[in-house]
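What follows is a set of notes on a single structure, which appears directly below.
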Amino acid sequence: PYTTAQVEADLKGAKEDLMGFRDRNNKPFNRGAKLVAYVPTHLVDHFETLRNSRQIYISGTKDNVLYQTFDIIVNYDQDTTSDDWYLFNVNAPVQAFIFQTREQPTWKVKDEEDKRNIKYFSVSRSAAGYGNPMACIKIDN
């Protein structure tokens, strides 16, 4: 089972990784980050303990450096056998429009014998959207 100590270590590591991203001018990308942990239902108690407790007991009582440093969103759709979760910076600027070509356009011609017109068209596959890969960390467990 995934313990609060493991969640704490993973959360600290993910936060460090997220804060380590740099822009093209070598400036920290995630300055002023507002962190949100996107977690499965069976891990919510561990995350709430780390978010809401000033002190935690992990091999002895200690101050909780993660106290009130992140919010939690519960992923009700994730399988309870998976301990994977995400850490997002919801204050990160959204990058420009991302367009991903999955299949290059190809020209087609459709000439039907009983029609006067010839149809010209293209076929392609693509995906598009907004996003920022430097504002998200996935923790695989």
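For segment 86-96, indicate whether the set of residues that are open to solvent by 90 Å² or more (accessible area, probe 1.4 Å) and in contact with a strand residue (DSSP E or B) (Cβ under 8 Å, 6 or more places away or on another chain) is non-empty. No: segment 86-96 contains no residue that is open to solvent by 90 Å² or more (accessible area, probe 1.4 Å) and in contact with a strand residue (DSSP E or B) (Cβ under 8 Å, 6 or more places away or on another chain).
Pull up segment 1-15, narrow it to residues that are among the β-branched types (Val, Ile, Thr) and open to solvent by less than 50 Å² (accessible area, probe 1.4 Å), then point me to the one that is modelled with the highest pLDDT. Among them, the one singled out is Val7. For Thr81, the conditions (1) within 19 Å of the chain's Cα centre (by Cα); (2) open to solvent by 80 Å² or more (accessible area, probe 1.4 Å); (3) of a type in the set (S, T, N, Q) are fulfilled apart from (1). In the condition set (1) within 21 Å of Arg31 (Cα to Cα); (2) open to solvent by less than 80 Å² (accessible area, probe 1.4 Å); (3) among the polar types (S, T, N, Q), Gln68 is compliant with all but (2). In summary, strands (runs of 3 or more DSSP E) completely within segment 29-141 and bearing 2 or more residues that are touching a residue at least 12 places away in the same chain (Cβ under 8 Å) occur at 35-40, 70-75, 85-89, 98-111, 118-129, 136-139.
Counting the residues of segment 16-55 that are open to solvent by 60 Å² or more (accessible area, probe 1.4 Å) and either within 12 Å of Thr69 (Cα to Cα) or β-branched (Val, Ile, Thr) (or both) gives 5.
The values are calculated or read from the model by the stated rules, or taken from the named source; none is laboratory data. Small disclaimer: the values here were computed from a predicted structure and weren't measured. Heads up, the Cβs are rebuilt from the backbone with ideal geometry, glycines too, and the neighbour counts pull from every protein chain shown. Just the protein is used for accessible areas: all its heavy atoms, side chains included, with ligands, DNA and RNA removed. Shrake-Rupley method; radii C 1.70, N 1.55, O 1.52, S 1.80 Å.
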